[in-house]
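First up is the structure itself, then whatever we jot down about it.
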Amino acid sequence: SNEITGVISEVRLIFRDALYAAFPMASALGVKPAVTLTKDSKNGEFQCNNAMELCKKLPKDLGFRAPRDVATKIVECVPKNDVIEKVEVAGPGFINIFLSNAYIVKEMNNAVKSGSAKPTSKMGKVSKDSLTVVDFSSPNIAKDMHVGHLRSTIIGESVCRILEYQGHKTKRVNHVGDWGTQFGMLIQYLKEKFGENPKMEDVDIQDLTGFYKGAKVKFDEDEDFKKVSQTNVVKLQAGDEGCKAIWQVLCDVSRKEFEKVYSRLGVTVEECGESFYNDKIPGTIEELSALGLVVQDGGAKCIFVPGFKIPLMVQKSDGGFGYDSTDMAAISYRLRELKADRIVYITDFTQGDHFSMCFRAARMAGWYNPTSADVVHIGFGVVQGEDGKRFKTRSGETVRLVDLLDESVRRMEESLRERTKEGKGSIAEGDIRSTAEKIGYGAIKYFDLSRNPTSNYIFSYDKMLDTKGNTGVYLMFAYARLKSIIAKAESQHGVKVDATSPEFNMQMTHKNEHRLGFELLKFPDVLSSVTSTLSPSGVCEYLYNLALVATSFVTECKVLGSDEMESRLALCEATAGVMGECFGMLSIDVPDKI
Ligand code: ARG
């Protein structure tokens with residue numbers, strides 16, 4: 001099969017088989033194989049914890065009195081294999097499992113010999129025909145992107161990359177807010193500021209939020225302005241050319257600002273905004289009505305979903321369509337026209353109920369069921385300032401994304417210049433700025449992705465840009481350290497490893513080499529787990545552990561000029577290779593030199 005397997009799956013398989021061979025009734029008794037990774041490799045790399053539970057559930061006439069006896073029986077059923085060095089029954093009945101060093105060496109040897117220096121090659125990439133639609137970023141036209149959109153953008157990009165890494169097809173959708181009643185006032189405001197026929201080139205609105213606020217103030221204060229605004233909405237929805245042209249200018253101007261952010265962050269997303277579904281809404285409502293799902297409620301058309309206090313409003317009492325109408329048309333389109341096998345929506349958690357209702361309504365309509373498609377919402381927590389409140393600027397405004405990116409890069413540039421002045425590091429003067437950009441953006445991304453998406457987080461530049469601890473900066477330094485060892489081997493020792501040559505063989509005798517090899521061989525398992533859970537934080541966790549283990553390896557095992565130089569260099573290269581893949585999935589552009 002082309003399922004990805006790694007060392008964790010190998011060991012789990014061996015113990016699953018041993019468990020069922022020893023106790024064929026285990027599964028009927030509801031006992032599932034339980035093999036976990038240990039925290040401390042002193043007691044082995046893995047532990048099997050089935051004996052205690054099984055002992056309680058086994059029929060008494062089988063004669064197993066203590067969990068230790070059960071454990072011993074399982075151990076007896078482990079066939080001879082080259083993966084496990086030894087097993088021990090410990091304490092009340094735990095089974096400690098020690099990996100064979102020879103196995104790690106052999107697997108690492110195969111991995112580096114395949115030429116890619118990455119222990120993934122033997123597995124190949126899983127290619128699946130399934131399509132995942134990822135709805136992310138999705139800012140609103142004529143408003144700035146804020147930190148919430150930043151989280152959605154960063155998480156969404158990473159979710160797509162994780163899927164694509166293994167050959168899954170994705171459709172990256174930017175569901176921009178480009179439709180709705182607010183456009184009446186925005187059109188009017190734009191006309192008044194830039195004339196009846198504004199051209200995109202002449203309209204200079206860097207501060208979209210300011211523009212939006214200006215329009216809103218006028219709308220609330222000026223009755224005449226309010227009236228024309230309302231007629232604009234009707235005209236726009238009826239397809240009036242003049243209104244459409246101005247609406248288009250507003251979209252283009254905003255798009256230009258969004259694109260700046262996407263290109264700085266290396267994000268790719270295809271715009272398919274709310275307006276795209278406009279002509280699909282009436283048909284959707286008709287269909288839902290014919291199914292008997294739509295109820296008239298105070299003039300509005302609503303869908304009541306069991307378990308929710310407020311309904312979905314698919315048509316307002318004035319006949320207009322809103323957020324709910326669009327999302328019902330969108331989910332129908334994605335499931336039935338695009339034939340998505342999976343849809344992932346990424347927004348802050350406050351929209352959780354909205355999506356639950358949409359998903360439920362789509363199921364009531366028979367558009368999908370749990371076996372035909374998987375529809376999920378990843379709802380992330382709010383970003384808080386260091387005072388624990390919603391992240392705002394000093395003057396109380398929501399923080400503009402671009403300012404936040406600038407600040408991170410500015411601080412990083414400052415500290416890199418400081419370092420260079422002190423004679424540390426190896427970045428040329430001319431590369432400081434671009435390195436600061438990579439690290440600055442990378443640090444923000446890692447800060448965001450390493451957190452469990454559902455929890456709120458406190459935004460702190462100091463924590464984010466710390467060179468120590470679980471930060472993107474630490475990881476980038478750890479990576480650069482490996483790269484620098486590899487570069488020095490060549491420049492100072494004239495050594496470049498050719499792992500593919502027949503003479504080359506990995507030698508791994510030091511315990512830190514063993515630990516690092518083990519960590520690397522987990523990669524395929526990590527991949528399959530993060531792909532099924534769609535969790536960039538799983539990639540971060542793995543990357544951080546790998547960096548820690550790699551750092552103790554290079555600290556305690558001399559590489560340059562040692563007897564084991566070639567083999568150790570190959571280990572450095574393999575590690576940098578895997579770290580590079582992880583950075584890639586997190587969309588962190590990591591510098592080789594810092
Ligand atoms: N534009 C929305 C906002 O800024 C997010 C849209 C999310 N996607 C969706 N299909 N509703 O909150």
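The values are calculated or read from the model by the stated rules, or taken from the named source; none is laboratory data. Keep in mind that this is a model prediction, so the values were computed, not measured. All Cβ positions, glycine included, derive from the backbone under ideal geometry; neighbour counts span all protein chains shown.
The table below gives the values:
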| item | result |
| --- | --- |
| Pair list, Cβ under 8 Å, 6 or more apart: the stretch 336-350 residue among the aromatic types (F, W, Y), other residue more than 12 Å from the ligand (Cβ to nearest atom) and at pLDDT 95 or above | Y345/V376 |
| Residue selected from the stretch 334-350 under the condition surrounded by 18 or more Cβ atoms within 10 Å (Cβ to Cβ) and within 11 Å of the ligand (Cβ to nearest atom), by the criterion farthest from the chain's Cα centre (by Cα) | R334 |
| The stretch 274-302: number of residues that are more than 16 Å from the ligand (Cβ to nearest atom) and not in a loop (DSSP other than H, G, I, E, B) | 16 |
| Among residues of the stretch 197-213, those that are of a type outside the set (S, T, N, Q) and surrounded by fewer than 17 Cβ atoms within 10 Å (Cβ to Cβ), counted | 8 |
| Residue check, V375 more than 29 Å from E257 (Cβ to Cβ), in contact with a Phe, Trp or Tyr (Cβ under 8 Å, 6 or more places away or on another chain) and not small (G, A, S) | yes |
| Selection from the stretch 564-575 of residues that are assigned to a helix (DSSP H, G or I) and surrounded by fewer than 23 Cβ atoms within 10 Å (Cβ to Cβ) | M565, E566, E573 |
| Filtered residues of the stretch 151-183 (kept if outside any helix (DSSP H, G or I), under 19 Å from the mean Cα position of the chain (by Cα) and touching a residue at least 40 places away in the same chain (Cβ under 8 Å)) | Q166, G167, H168, K169, K171, R172, V173, N174, H175 |
| Criterion: among the hydrophobic types (A, V, I, L, M, F, W, C), under 25 Å from F98 (Cβ atoms) and touching a Ser or Thr at 6+ places or on another chain (Cβ under 7 Å) - qualifying residue of F553, F523 | F523 |
| Answer residue from the stretch 304-325, given it is in contact with a Gly (Cβ under 9 Å, 6 or more places away or on another chain) and within 16 Å of the ligand (Cβ to nearest atom) and is nearest to Q237 (Cα to Cα) among those | F321 |
| Cβ pairs under 6 Å, 6+ apart, first in the stretch 26-48 and in contact (Cβ under 8 Å) with a residue 60 or more places away in the chain, second crowded, with 17+ Cβ neighbours inside 10 Å | V35/R12; V35/F15; V35/F46; V35/C48; E45/L99 |
| Flag for G148 being more than 17 Å from G266 (Cβ to Cβ), modelled with pLDDT under 95 and not in a helix (DSSP H, G or I) | no |
| Subset tally (residues that are under 38 Å from the mean Cα position of the chain (by Cα) and either under 12 Å from G180 (Cα atoms) or aromatic (F, W, Y) (or both)) for the stretch 234-255 | 3 |
| Condition met for E386 (free of Cβ contacts under 8 Å to residues at least 40 places away in the same chain and surrounded by fewer than 14 Cβ atoms within 10 Å (Cβ to Cβ)) | no |
| Tabulated pairs, the stretch 495-513, first surrounded by 14 or more Cβ atoms within 10 Å (Cβ to Cβ), second among the charged types (D, E, K, R), C-beta under 6 angstrom, 6+ apart or interchain | V497/E566; A499/K113; Q507/E564; N512/E556 |
| Options V382, V376: the member that is away from the ligand (no atom under 12 Å from the Cβ) and within 25 Å of K463 (Cα to Cα) | V382 |
| Counted residues, the stretch 351-361 - those being more than 9 Å from the ligand (Cβ to nearest atom) and under 26 Å from the mean Cα position of the chain (by Cα) | 6 |
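Here is a yes/no grid of residues against (1) at pLDDT below 95; (2) surrounded by fewer than 16 Cβ atoms within 10 Å (Cβ to Cβ); (3) touching a strand residue (DSSP E or B) at 6+ places or on another chain (Cβ under 7 Å); (4) more than 28 Å from V530 (Cα to Cα):
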| residue | (1), (2), (3), (4) |
| --- | --- |
| D17 | no, yes, no, no |
| A22 | no, no, no, yes |
| A26 | no, no, no, yes |
| V31 | no, no, no, no |
| K39 | yes, yes, no, no |
| L58 | no, no, no, yes |
| F64 | yes, no, no, yes |
| P67 | no, no, no, yes |
| A71 | no, no, yes, yes |
